[in-house]
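Below is one structure, written out as structure tokens, with a few remarks after it.
The values are calculated or read from the model by the stated rules, or taken from the named source; none is laboratory data. As the structure is a prediction and not an experimental result, all values here were calculated from the model. Here Cβ is always computed from backbone atoms with ideal geometry, including for glycine, and neighbour counts include all displayed protein chains.
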Amino acid sequence: MAPNGTLLYVPSVGHKKYRSCFHSFFAAKDGVISLSLKGLTIVGSVTITLALIIFLIIACKNGDVECDWRYNSPMVSDVICLPFFDRIWCILTTYFALAVMQVNIRANYARLHGICSAKHNDIQLWWGVTLCIAFPLIGYFDEHNYRYLHNGIAGIFFLSTVVYAKMLSN
């Protein structure tokens, strides 16, 4: 019993402290509970990868796309434009762009502040912002109804990815 009369819980010697499998996803500091950037990135990447694999298996099984596993598999754009997959894809990529990519870009911007020139850091940030905007738009404008817009946005996404990664690696 505490001096003020309240009961205290003291675990017995044989009990181990239980740690949740989610303990690494949260960081508590000064009363603020934050989500772990590493945890968000892993969960987001695994979710999108699994979704693409499931989409591909279902599309091949239903005959929606031509699947010849020996020589070639369908393009991602052929699968994500299928009805219902397009909605799921747009939701997943919007979440990924807003909750994972932009947070990583901001973290890299903050980490490089003072290490590289302000101009280089700003240009890198703009390539990252372009990357975050273009990624979900690839799914919103499917290749059948908006072929040129889809291909243009996909090109911007891949160009932005390459430039941002190259600048970050330098």
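Values for this structure:
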{"read-out": "Residue check for ILE153: at pLDDT 90 or above, part of a helix (DSSP H, G or I), at negative phi and buried (at least 18 other Cβ atoms within 10 Å of the Cβ)", "value": "yes"}
{"read-out": "Residue match in the stretch 118-125 (condition: part of a helix (DSSP H, G or I) and among the charged types (D, E, K, R))", "value": "yes"}
{"read-out": "Residue that is nearest to PHE157 (Cα to Cα), among those in the stretch 111-144 that are charged (D, E, K, R) and without any contact (Cβ under 8 Å) to a residue 40 or more places away in the chain", "value": "ASP122"}
{"read-out": "Options LEU82, LEU52; residue that is surrounded by 13 or more Cβ atoms within 10 Å (Cβ to Cβ), in a helix (DSSP H, G or I) and modelled with pLDDT of 75 or more", "value": "LEU52"}
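Let's see how each residue does on (1) acidic (Asp, Glu); (2) surrounded by 15 or more Cβ atoms within 10 Å (Cβ to Cβ); (3) out of contact with any Cys (no Cβ under 9 Å at 6 or more places or on another chain); (4) at positive phi:
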site: THR94; (1), (2), (3), (4): no, yes, yes, no
site: ARG106; (1), (2), (3), (4): no, no, yes, no
site: ASN121; (1), (2), (3), (4): no, yes, yes, no
site: PRO136; (1), (2), (3), (4): no, yes, no, no
